[in-house]
1. Within the stretch A:97-112, which residues are surrounded by 22 or more Cβ atoms within 10 Å (Cβ to Cβ) and part of a loop (DSSP other than H, G, I, E, B)?
2. What number goes with the only condition from (1) at pLDDT below 95; (2) of a type outside the set (Lys, Arg); (3) more than 17 Å from B:Thr111 (Cβ to Cβ) that B:Tyr238 does not pass?
3. Can you tell which of E:Gly188, E:Gly250, E:Gly209 is away from ligand 2 (no atom under 16 Å from the Cβ) and under 30 Å from E:Ser15 (Cα atoms)?
4. In the stretch C:76-96, which residue that is surrounded by fewer than 17 Cβ atoms within 10 Å (Cβ to Cβ) and more than 17 Å from E:Asn96 (Cβ to Cβ) is nearest to the other protein chains (Cβ to nearest Cβ)?
5. Does the stretch B:133-174 hold any residues that are of a type in the set (D, E, K, R) and modelled with pLDDT of 95 or more, and which are they?
6. Name the residues in the stretch E:35-50 that are touching a Ser or Thr at 6+ places or on another chain (Cβ under 9 Å) and either within 16 Å of ligand 3 (Cβ to nearest atom) or assigned to a helix (DSSP H, G or I) (or both), would you?
7. Can you spot a residue in the stretch C:223-244 that is at negative phi, part of a helix (DSSP H, G or I), surrounded by 14 or more Cβ atoms within 10 Å (Cβ to Cβ) and among the basic types (Lys, Arg)?
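The values are calculated or read from the model by the stated rules, or taken from the named source; none is laboratory data. Computed from a prediction, not measured in an experiment: that's the story for all the values here. All Cβ positions, glycine included, derive from the backbone under ideal geometry; neighbour counts span all protein chains shown.
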Amino acid sequence: MMLSYATSQSGAISSLSSGQYSTVYNVLSLAIASLLFTALYLLLSQRQVAPRYRNAIVVSAIVCGIAAYHYFRIFANFQESYPAGATIDAAHVLSNVEFNEGYRYVDWFLTVPLLLVETVAVLALSRAASQRLLVRLVPAAALMIVLGYPGELTLETGPRVIWGVLSTLPFLYLLYVLFVGLTKALEGKSPQVRAQISNLRWILLASWGVYPIAYAFPLIGGDFFSGAGGFVLRQTGYSIADIVAKALFGILIYRLARTQSREEDP
Amino acid sequence: MMLSYATSQSGAISSLSSGQYSTVYNVLSLAIASLLFTALYLLLSQRQVAPRYRNAIVVSAIVCGIAAYHYFRIFANFQESYPAGATIDAAHVLSNVEFNEGYRYVDWFLTVPLLLVETVAVLALSRAASQRLLVRLVPAAALMIVLGYPGELTLETGPRVIWGVLSTLPFLYLLYVLFVGLTKALEGKSPQVRAQISNLRWILLASWGVYPIAYAFPLIGGDFFSGAGGFVLRQTGYSIADIVAKALFGILIYRLARTQSREEDP
Amino acid sequence: MMLSYATSQSGAISSLSSGQYSTVYNVLSLAIASLLFTALYLLLSQRQVAPRYRNAIVVSAIVCGIAAYHYFRIFANFQESYPAGATIDAAHVLSNVEFNEGYRYVDWFLTVPLLLVETVAVLALSRAASQRLLVRLVPAAALMIVLGYPGELTLETGPRVIWGVLSTLPFLYLLYVLFVGLTKALEGKSPQVRAQISNLRWILLASWGVYPIAYAFPLIGGDFFSGAGGFVLRQTGYSIADIVAKALFGILIYRLARTQSREEDP
Amino acid sequence: MMLSYATSQSGAISSLSSGQYSTVYNVLSLAIASLLFTALYLLLSQRQVAPRYRNAIVVSAIVCGIAAYHYFRIFANFQESYPAGATIDAAHVLSNVEFNEGYRYVDWFLTVPLLLVETVAVLALSRAASQRLLVRLVPAAALMIVLGYPGELTLETGPRVIWGVLSTLPFLYLLYVLFVGLTKALEGKSPQVRAQISNLRWILLASWGVYPIAYAFPLIGGDFFSGAGGFVLRQTGYSIADIVAKALFGILIYRLARTQSREEDP
Amino acid sequence: MMLSYATSQSGAISSLSSGQYSTVYNVLSLAIASLLFTALYLLLSQRQVAPRYRNAIVVSAIVCGIAAYHYFRIFANFQESYPAGATIDAAHVLSNVEFNEGYRYVDWFLTVPLLLVETVAVLALSRAASQRLLVRLVPAAALMIVLGYPGELTLETGPRVIWGVLSTLPFLYLLYVLFVGLTKALEGKSPQVRAQISNLRWILLASWGVYPIAYAFPLIGGDFFSGAGGFVLRQTGYSIADIVAKALFGILIYRLARTQSREEDP
Ligand SMILES: CC1=C(/C=C/C(C)=C/C=C/C(C)=C/C=O)C(C)(C)CCC1
Ligand SMILES: CC1=C(/C=C/C(C)=C/C=C/C(C)=C/C=O)C(C)(C)CCC1
Ligand SMILES: CC1=C(/C=C/C(C)=C/C=C/C(C)=C/C=O)C(C)(C)CCC1
Ligand SMILES: CC1=C(/C=C/C(C)=C/C=C/C(C)=C/C=O)C(C)(C)CCC1
Ligand SMILES: CC1=C(/C=C/C(C)=C/C=C/C(C)=C/C=O)C(C)(C)CCC1
Ligand code: NA
Ligand code: NA
Ligand code: NA
Ligand code: NA
Ligand code: NA
Ligand code: NA
Ligand code: NA
Ligand code: NA
Ligand code: NA
Ligand code: NA
C-alpha cells in the first residue's frame, strides 16, 4: 500500500491558476461554514423532537461535526500545498507538501456508516428491524470505502478500475438494502411523512452518486477531467456532495423527526 | 468564472496608509466581537421565550455565529494581504495574497436566506403561511447573491452593471414579498407588537440597502469611491451593515419574541 | 480621523525595559484569566438566581467575555509590538507593529453600555422605569466613548483637552442619572440589599474614575506619566480598573441577585 | 532516568518514506476524529441512561477527551519531527525534535485507571463491592504504567525485558481481578446484559493485549519490527488499539447502560 | 520591583539536557491534561450533588480551569525559552525569552483564595459562619502570595529570606484558621463525612507545604537544588503539588459533597 501510494504522487496537480485556487478555496470555506453550523443547529434543536428521535439528531450533528473537522484540515492542507505565487495573479505552484486525499477517506470511513445509522434511527422501526438493517448496511459501507481507497491512490487505469468495481459491489448492495428498507418503512405512515421519506431517498441517491462518478474522472482523461480543471471540478463536486449528503440531509432528517413527533403527540 | 476572477485582481487596492489600515482593522474587530457575543447572548437567552419562538432565536444565533466565523477569516486575510511596512507609520502594501471578497459572498449565501427564515419564524404564522412565504423568499435570496457574485469579480463597468441589475430583480421581488407578508402579519397583533414589527421592517430596509449601494461604488469612480479611501469606506460600510442586519436585528427579533411570549402567557 | 491617527504614532513608546515588559505581560495575563473565568463562573451560576434576574447575570457574563476576548487580542498585539531583545535582559524595542489602543475603545463601546444594562437589570424595576433609565444611560455612554476616541489618538495638548472635556459631559450626566436611579431603587429594599447596592455604587465610581484619569496622564507630562514608566502605569491601571469594573462588579451583581432571589422566595 | 532517556535517542527512526509518513499521518488523524467525536457523542447522550449509570458515561467521555487531546499533541509532534522533504516523494527525515513517546505514557497513566473506573461504574454494583474492586485495580494499573515507562526509554534488551516483566505482573493481576469481578457481575443479569458484558470482556482483552506486544517489537529486531516499518506498525497498532479500547469500548459501555436502564424502568 | 526583576534574570538556568527538557515537558503536559479534564469532569457532574453544594463544585471546576489555562501558557513559554538544539540529543539552551515564573504567581493569586472558598463552601456552614471564615482566609491568602512574589524575583539570600518569612506569617495564620474551622465543622457529622473532611485536611497540608519548600531551594544552593537539576525538581514539584492541591482536591470535594447529599436526602 505504501509503495503504490508514493507512486501516486506523480499524478499530483502541479499548478493551479490564481482563479482556480480561489474557487477551491471559497468552496472549501463554504463547506466548513455549512457543516459546522448545521452541526450546531442540530445540537441546539435536539429538544424540539420527541425523545425517541433524539439519537438520530445527535448522530446527524456528529456526522456534520466530523466532516467540518476534516474540512478544517483539508483547508489548511490545501493552503500549504498550493502557496501563493510571487504576485496575486501568479499561479499557485505545488509545494513539497502533497494535497492529501486521505482525509476524505478517513472522513467517509467514519461518516458513511453513521449516515446510515441516522437514517435508520429516524424511521423508528422496532429494535429488531433496525438491527437487521444495520448489520447489513454498516459493514457494506465500511467495505465500500476500504476497497475504494487503494484505487484512489493510483492513477494507473488497471488497478483503479478493479478496485472501483470491487467497491461498487457493496455500494449497490447497500443501496438495494436501504431502498427496500425505506420502502417498507413507508407502510402505515401519513402522506406527509411518506413524502418526506421519499424525498430523503432521492437526495441520498443524487448525492452519493457523485462520489463514484468523481472517482472515475481520471479514467476518462483529457484536460477537463484530469488536469487542473478536473481537480477543481472534483474538489467542488465532492464539497457540494458533502454539503448535500450531510448538512442538507441532516436538516431533512430533523424535519422528518419533527413531523413525526408532532403527529404522535400533537 | 475563473478567468474573469483573475482579471479582477488588477483592481485590488495596492496600498493602505497606516491610519486607513488601523481603521479597517478596528472595524473588523468590532464586527467580530459584536457578532460573536450576540450569538452567545441569543443562545443563552433561548429559554426566556416561549417554545414556539425558540427556532427563531436559534436561527438568529446561527446567523451571527456564521458571520463571526467569516469575520475571523476576513480579519486574518486582511492582515496577510496588507502586512505592516518597515515602520509603524509606513503604508501597508498589498502582499502576494489577495484580499478575498469571496468570503462575504459565501457568508451572504448562507446568512441572507437564514435571516428571512428567522424573520418569518418570529411571526408565528400558520405552518402553511410560513411555507408560502419561504418558498418565495429563500430562492429569491439565493438567486440575488449568485447573480451578484460575477459582477463583484470584475471592475469593468459593462458586466458589473448587467449582473448588478440582474441581481436587483430578485432583490426587489424579495422585498416586495417580505413587506406584504410583514404587513399582513400585523393584523390582529397588539400595538406594542405592531410597533416592534414595523421597527424590524425599517431596520431591515436600511441595512440591506447598504449592500447594493456599496456594490455600485466602483462604478462611480473617483478617488473617494474606488481608491484606497473607497476601500476603507466599503469595508466600514459592509461591517456596520452586517452588525445592524445580523446582530442588532437578532436582538430585535429576540425582544419581539419576548413581547409576544409575555402577551400570550402573562 | 485617519490623519490624526497616523500622527499619534509619533507618541508611541519606543522601548520597554525587560522588567517593564514583564510587568505589563503579567498584568495582561491576570486580566485575561480573571475576565475569562468570571464569565464562565457567571454562566455556570445563572440557575442559582430567580428567573427575573437571569438576564442581568447573562449580560454580566457577556461583558466579561467580550473583555476577555479583547485582552487576548491586546496580549498578542503587545507581544508583537515589543518583541524580546537579543538577550533576556535586553530592552524590548518597538517593532514595526504599533500597540493598538483602539482595542480598548472598541471594547468600551460595547461593554460600557452593557454594564449599564446589567446594573439596571439587577434592580428589577418596572419595565417602564428601566426603559426610562436606559434610554438616557446607553446613548450617553456611547457618546462618551465616541468623543474620547479622537482625543486618545493625538498627543497634542489642545485637541486632547477639548475632546476630553466633551467626553466628560456625557460622563457626568451618566453618573448623575445612574446615582439618582440607584438611590431611588433603594426605596423599600431590605437593609442587606441596600448595603449591597450602595457597595455597587462606590465600586463603580472608583473604577470608572480611573479611565479619565489615565487619559489625562500624557497631559501632565514628565517621565513618570508619559514615558515608558507612564505606559506601564497606564496599562496596569486600565487592566486593574477593567478587572474591578467588570469581573468584580459582575460578581457583586450576582450576589445582589442571589440575595434578592432568596428574600423573595426564601 | 534522565540519562537513560537521552540514551534512548540513538534508537529514534531517522527517516520515513513519503508513503510511510502518510500512513501514520492518516491513522493519527483517524484516531483524533474517532476519539474526539465519541467523547462528544457520549456527552450528548448522557441523558438517555438512568441516573445511576451517568457517571460511567461521563467518565467514558472524559477518557476519550483526554486521549483526543493527546493525539492532537502527538500529531503536531509527528509533523515537527518528520518534516516534508524537498519534494513530495522525498523521504521525511528526522528533524532536531524527537518524536516523544512520553505522551502515550502520560495518556495511559490517566486513562487506564479511568477505563477501569468506567467499567466498574457501569456494573452498578453495591458501593462496597465497587470500592473493593477499584482499590485493587487502580493502583495496579498505575503501577503497570509506571514500571513500563523506563523500559520504553531504552532500546537495550536487558533493561527493556526487566521492566517489561515487572510491568506485566500488575497487568496480569489486574486482568485476573477484573475478570473475576466481571464474572461475578454476570450473576442475576438478563441474558442480553450477560452477552453485552461478556462482549466487553473480550474487546478489553483483545485491545489491551496489543500494548505489551508492541512494547516487545524492538526486542525481536529485524527490519520489520524495529526499523521504519516497525515504527509505522507500532504507531498504527497503538492507534487502532486506542480507538478500540476507548472509543468503541465507550460506546459499548453506553449501550450496556441503556440496556440496563430500559430493563430497570421499561 | 521592576529593577529587582531584571536582576533576577542572572539566575535563569542557561541550559537543560535533552532528558531534563523531556522530563519537564512531560510533567507539564500531565498537569494540563489532569487539570483540564478534572475541570470538565466537575462541570459535567455538578447535577449529581444537592443544590446547596453546587457552588463548591463550580468553584472547584473554575480553579482547575484557571490552572489549566496557566499551564497552557507555561508550556508554550517553556518551549520558547528552551528550544531544541541542533540534534535531538543536544542540550536545550536558553533563548532570548525568559521562562516566566510570574504565571505561577498570577495563578496562585486567583486560585488560592478560590480553593479556600470551595473548601468553606463544601462544609455548608451557616451563612454567617462561612463569612467569618472567608473574611479571614481570603485576605491572608492574597497577602501571602503578594509578599512571596518579590522574594521569588531575586536570588540574593537576604531579600529572599525576608520576603519568605513575611509571606509565611499569613500562611501560618491561614492554616491555623482553616484547621480550627475544619475541626469545628466536624461536629455533628457522620463518621464517613468526618473521615473525608480529615482526609481533605491532610491532602491540603501536604500539597500546600510543597510551595514554601520549593521556594527555599535556591537558598540551600548546590547543584541539586539550584542548578538545572534543581530547576527540574522545582518544576516537577510545583506541577505535582498543583495536580494534588487542585485536581485531586477538587475530586475529594466532589465526593464529600456527594456523600453529604446522599445522607441528607437518601
Ligand atoms: C462506489 C464507489 C465509491 C463510493 C463512494 C461513496 C458512495 C461515498 C459516499 C460518501 C458520502 C455519503 C460522504 C458523506 O456524506 C468510491 C469509494 C468513491 C470508490 C469507487 C466506487
Ligand atoms: C441587490 C444587489 C445586491 C444585494 C445584496 C444584499 C441585499 C445583501 C444582503 C446582505 C445581508 C443582509 C447580509 C447579512 O446580514 C448585491 C449582491 C450586492 C449585488 C448587486 C445588487
Ligand atoms: C470621561 C472620559 C473618558 C471616560 C471613560 C470611561 C468612563 C470609561 C469606562 C470604561 C469601563 C467602565 C470599562 C469597562 O469596565 C474617556 C473616554 C477616557 C475620555 C476622557 C474623558
Ligand atoms: C503489560 C505491559 C504494558 C501494558 C500496557 C497496557 C496494558 C496499556 C493499556 C493501555 C490502554 C488500555 C490504553 C487506552 O485505551 C506496557 C506498559 C506496554 C509495558 C510492557 C508490559
Ligand atoms: C509560605 C510561602 C509561600 C506559600 C505559597 C503557597 C502556600 C502556595 C499555595 C499554592 C497553591 C495551593 C496553589 C494551587 O493549588 C510562597 C508564596 C511560595 C513564598 C514563600 C513563603
Ligand atoms: Na493568488
Ligand atoms: Na494522499
Ligand atoms: Na502601521
Ligand atoms: Na476574490
Ligand atoms: Na526580556
Ligand atoms: Na492605535
Ligand atoms: Na511527502
Ligand atoms: Na521520549
Ligand atoms: Na532534545
Ligand atoms: Na519572571
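1. A:Glu98
2. (3)
3. Values: E:Gly188 fails: under 30 Å from E:Ser15 (Cα atoms); E:Gly250 fails: under 30 Å from E:Ser15 (Cα atoms).
So the residue among E:Gly188, E:Gly250, E:Gly209 that is away from ligand 2 (no atom under 16 Å from the Cβ) and under 30 Å from E:Ser15 (Cα atoms) is E:Gly209.
4. Ranking the candidates gives C:Asn96 first.
5. Residues of the stretch B:133-174 of a type in the set (D, E, K, R): B:136, B:152, B:156, B:160.
The answer is B:Arg136, and nothing else.
6. We begin by selecting, within the stretch E:35-50, every residue touching a Ser or Thr at 6+ places or on another chain (Cβ under 9 Å); these are E:38-39, E:42, E:48-50.
Across the stretch E:35-50, the qualifying residues are E:Thr38, E:Ala39, E:Leu42, E:Gln48.
7. Just the residues of the stretch C:223-244 that are at negative phi, to begin with: C:223-244.
With the extra rule that they be part of a helix (DSSP H, G or I), the set shrinks to C:223-226, C:228-244.
With the extra rule that they be surrounded by 14 or more Cβ atoms within 10 Å (Cβ to Cβ), the set shrinks to C:225-226, C:228-244.
Next cut, among the basic types (Lys, Arg) only: C:234.
Taking every residue of the stretch C:223-244 in turn, at least one turns out to be at negative phi, part of a helix (DSSP H, G or I), surrounded by 14 or more Cβ atoms within 10 Å (Cβ to Cβ) and among the basic types (Lys, Arg).
For every residue, the table says whether it meets (1) on the phi < 0 side of the Ramachandran plot; (2) outside any helix (DSSP H, G or I); (3) buried (at least 17 other Cβ atoms within 10 Å of the Cβ); (4) touching a residue at least 12 places away in the same chain (Cβ under 8 Å).
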position: A:Val135; (1), (2), (3), (4): yes, no, no, no
position: A:Ile162; (1), (2), (3), (4): yes, no, no, no
position: A:Thr168; (1), (2), (3), (4): yes, no, no, yes
position: A:Tyr215; (1), (2), (3), (4): yes, no, yes, yes
